[in-house]
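Student: My questions all concern the structure below.
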Amino acid sequence: MWLARTHLIHGEWLRRGGRRINARAELRLAADLFTRIGATAFADRAHRELLATAESVKPAEDDGPLTTHEAFIARLARDGLTNREIAARLVLSPRTVEWHLSKIFTKLGITSRRQLRTALPD
């Protein structure tokens, strides 16, 4: 994680210093490392920085399996808990729970909480 963050910060610094070509190599490496370890927020940040260097970027794919954390949130939502109740149980904000649920819905190919019952068997 530290190596990827170092490449990201160095790439951002190079880009802000007007060295877009040099920044691309660092940012590509950072994006790849973050994607491999599943740090999607940092991978998205690296992709945004790459876009700022006029590089075309393929968005990270979200159709992989649910992470353990996402599966837990999905089960709580399936069992009828509200975002606020899930957030209180996991010490998160309701907005963070909402973000996780949107990622879960995308990965499962569903659009509502009702569909969680069929998408996530007991």
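Each reported figure results from applying straightforward, stated rules to the coordinates on display, with no laboratory input. Quantities reported herein were computed from a predicted structural model and do not represent experimental measurements. Here the Cβ is made from the backbone with ideal geometry for all residues, glycine too, and neighbour counts use every protein chain on show.
Student: For Phe72 and Asn22, what does the FRET efficiency come to when R0 = 41 Å and r is the distance between their Cβ atoms, rounded to the nearest 0.05?
Tutor: 0.50
Student: Right, something else. Sort Arg19, Arg95 so that the residue with the fewest other Cβ atoms within 10 Å of its own Cβ comes first and the one with the most comes last.
Tutor: Arg95, Arg19
Student: What is the ratio of the Cα radius of gyration of region 1-48 to 2.2 N^0.38 Å, where N is its residue count, to two decimals?
Tutor: It is 1.00.
Student: Around Ile86, with a cut-off of 13 angstrom between Cβ atoms, what is the net charge of the other residues, counting Lys and Arg +1 and Asp and Glu -1?
Tutor: Within the 13 Å Cβ shell, the charges total +2.
Student: How large is ³J(HN,Hα) for each residue in region 111-122, as worked out from phi by the Karplus curve 6.51 cos²θ - 1.76 cosθ + 1.60 (θ = phi - 60°), to whole Hz, x for Gly and Pro?
Tutor: With coefficients 6.51, -1.76 and 1.60, one gets 10, 8, 5, 4, 5, 4, 4, 8, 6, 10, x, 4 Hz.
Student: With a Cα-only, solvent-free Debye model of the chain, what are the log10 I(q)/I(0) values at q = 0.15, 0.22 Å⁻¹?
Tutor: -0.74, -1.08
Student: Using the Cα centre as the reference, give the magnitude of the dipole from point charges on the C-beta atoms of the chain (Lys, Arg: +1; Asp, Glu: -1; all else neutral), rounded to the nearest 20 debye.
Tutor: In total the dipole reaches around 240 debye.
Student: Still on this structure: Tell me what the chain gives for mean residue ellipticity at 222 nm when only DSSP H runs of n ≥ 4 count, each as -39,500 (n - 2.57), the sum divided by the residue total, rounded to 500 deg cm²/dmol.
Tutor: Taking each H run of at least 4 residues, the total per residue is -21500 deg cm²/dmol.
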